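These notes are about the structure you will find just below.
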Amino acid sequence: MGHSSSSFLSWVGGRVRGEVDEDGVTLPEKDLWVAVLSRAVLDACKGPPDLDMTRKANVSHKSMYKYNRDQARHFFLHGGPHFKEICDMAGRNPEYVQSRVRKVLLRKNGWNVDVPITSHYRQGPKRGQNRGKYKKKLGRPRLDGV
């Protein structure tokens, strides 16, 4: 299995070649937990399987895919003690992993997550301007005495 810059390991902060612990040895348990995070990212982000739905056996596979996808997305989006524990055992920052996967999932759903949230519409109405239907009318005074 080759390393690429867009691999799932890079999303969850995969091990860089040559990364070792303080004793100079890579820990297989740490690699195992990074693999668990990578599998969860794959389950959360992959597209639906290309199955022939005319076959009865494939209907249950599609249901299982949806269940696994929803569980993986819940795992990342809601965090929880299990998520934090797995990230700790993998040597990863849970907040960082969660924010990266959240951005990927939002992009897949069509959201533009690169735009900053500080927009003008959050500042409230502009002051000094008359808005709405009770504006004062400027112009010539009426001659009918009203």
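The values are calculated or read from the model by the stated rules, or taken from the named source; none is laboratory data. Given the structure is predicted, the values throughout are model-derived calculations rather than measurements. Heads up, the Cβs are rebuilt from the backbone with ideal geometry, glycines too, and the neighbour counts pull from every protein chain shown.
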Cβ contacts < 9 Å: first residue farther than 14 Å from Val97 by Cα and modelled with pLDDT of 80 or more, restricted to segment 21-37; second residue assigned to a helix (DSSP H, G or I) and not aromatic (Phe, Trp, Tyr), any location; separation 6+ or different chain. Result?
Glu29/Met89; Lys30/Met89; Lys30/Ala90; Asp31/Ala90; Leu32/Met89; Leu32/Ala90
Elements of type helices (runs of 4 or more DSSP H) contained in segment 41-112, each with 1 or more residues being under 10 Å from the mean Cα position of the chain (by Cα) and more than 28 Å from Glu29 (Cβ to Cβ):
94-108
What's the number of the only condition in (1) free of Cβ contacts under 8 Å to residues at least 24 places away in the same chain; (2) surrounded by 12 or more Cβ atoms within 10 Å (Cβ to Cβ); (3) closer than 19 Å to Ala35 by Cβ that Asp70 fails to meet?
(3)
